[in-house]
Amino acid sequence: MTRIPKPVRPPNSSSYRARPEGPRPPPNLATTLPDLSNVANRSKLPKPAAPNNPPAALQAHQGISSFNTPATTSTQAAGNLSSGALHPQGPCPALAPPVPGRPQTALNLNNTSCLTHGMAPEHVQSALQQGQLNSAYSRLGKDGNYSREADKNGGGALAVYTRAVGTQQTGWKSQGHGVGSNDSKVQLILSPNVLQNPNHGWRASSTDNMGRVPGSIPAHQTGLPSNDPLGRAPLWSRQTESGRNRAFNDTVNGGSIQANNEQLHWEKVPLEGNLKGIVATSQGSFNTLMAMNGAQQTAGVAGRGSVRFGNQDVPVVLAPGNSSLVATLRNANIADANGQVR
């Protein structure tokens, strides 16, 4: 039996906790709910009432009935295998409709340094060959061996996860935080400009959502098929665009670190034009990258090199795990003088 690794607990993080499971009755749709897109409002959620509507009515309430969403079961998934996904997810579900009378928040990347994605260095070559990072579902499908049941039933299996780093958050470690943040991993450094691509579906939370899609709660899982990640696609229509933008802006504003922040990218993150660098925090991880085809160490400079990605040489830097990521990126010219990676 394969042992399932425990999630890495970020140091000095009091907010990190086990990912809960267990559905509750869905909310009464006649009740006006607070905007769950902003995690700060969750404590105001009224107790859910008994269900009065079938799943189809629930989906219509989410504002997705007129959108070309994926089928409700993974075996009916629509998509083109040429997309690079072994198990295509179809188009990203629509965001929830705006809350009437609530001020709308625009996405602001001015305070954003970069997005990070931690992964094992031995998997970097295949990611570069595919030209994208893939969600767990697109790699494993409905019957795959998922490491976290919470992602499978909470909607997170449909996403690639990244974390956002603010330009003023100089305390963010080069090793990263949370899952994928130990010395046996490396940090892929991505430009946040990918978030402005209108064809790129994503959701955001300023905390760790324990496998749930931002804006959703366990009660929203009632009536959705179990053990079918793609059947959880309706959960992606629980966050408004304004709530998503507000959660992201809150994550990168100021110097305080929200280590468990997460962006969920529907199905994939394209690397072309978005991958700007890779940070290793152990000599072994750095050496693994330098052993890749087309990789080169920088002559006369220890801990510097590059890996080949198409016609691009992606810079690789070896840094102490506890060093400032923003400073490391600046010193390696991966970020500009303001700490922005673009």
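Things worth noting here:
- Of the residues making up region 286-318, those that are open to solvent by less than 70 Å² (accessible area, probe 1.4 Å) and of a type in the set (S, T, N, Q) are T288, T298, S306, Q312.
- For region 240-291, filtered to residues that are in a loop (DSSP other than H, G, I, E, B) and of a type in the set (G, A, S), the residue that is farthest from W202 (Cα to Cα) is A291.
- Filter result for the condition that a residue is open to solvent by 10 Å² or more (accessible area, probe 1.4 Å) and free of Cβ contacts under 8 Å to residues at least 40 places away in the same chain, over Q221, Q283, Q258: Q283
- Some residue of region 272-281 being modelled with pLDDT of 95 or more and in contact with a Lys or Arg (Cβ under 7 Å, 6 or more places away or on another chain): no
- Looking only at residues of region 133-166 that are closer than 20 Å to W202 by Cβ and part of a loop (DSSP other than H, G, I, E, B), we find that the one that is most open to solvent (accessible area, probe 1.4 Å) is R148.
- Region 179-209 - residue that is over 22 Å from S126 (Cβ atoms) and assigned to a loop (DSSP other than H, G, I, E, B) and, of those, most open to solvent (accessible area, probe 1.4 Å): N199
- Residues in region 213-239 that are among the polar types (S, T, N, Q) and either part of a loop (DSSP other than H, G, I, E, B) or more than 19 Å from the chain's Cα centre (by Cα) (or both): S216, Q221, T222, S226, N227, Q239.
- Close pairs (8 angstrom Cβ cut-off, 6 or more residues apart or separate chains): more than 20 Å from G156 (Cβ to Cβ) and at pLDDT 95 or above in region 189-209, part of a loop (DSSP other than H, G, I, E, B) and hydrophobic (A, V, I, L, M, F, W, C) anywhere: I189/I334; I189/V341; S191/V341; P192/L109; P192/V341; N193/L109; Q196/L107; Q196/L109
The values are calculated or read from the model by the stated rules, or taken from the named source; none is laboratory data. Since this is a predicted model, take the numbers as computed values, not measurements. Note that we place each Cβ from the backbone using ideal geometry, even for glycine, and neighbour counts take in every protein chain shown. Calculation scope for accessible area: heavy atoms of the full protein, side chains included, ligands and nucleic acids excluded. Shrake-Rupley method; radii C 1.70, N 1.55, O 1.52, S 1.80 Å.
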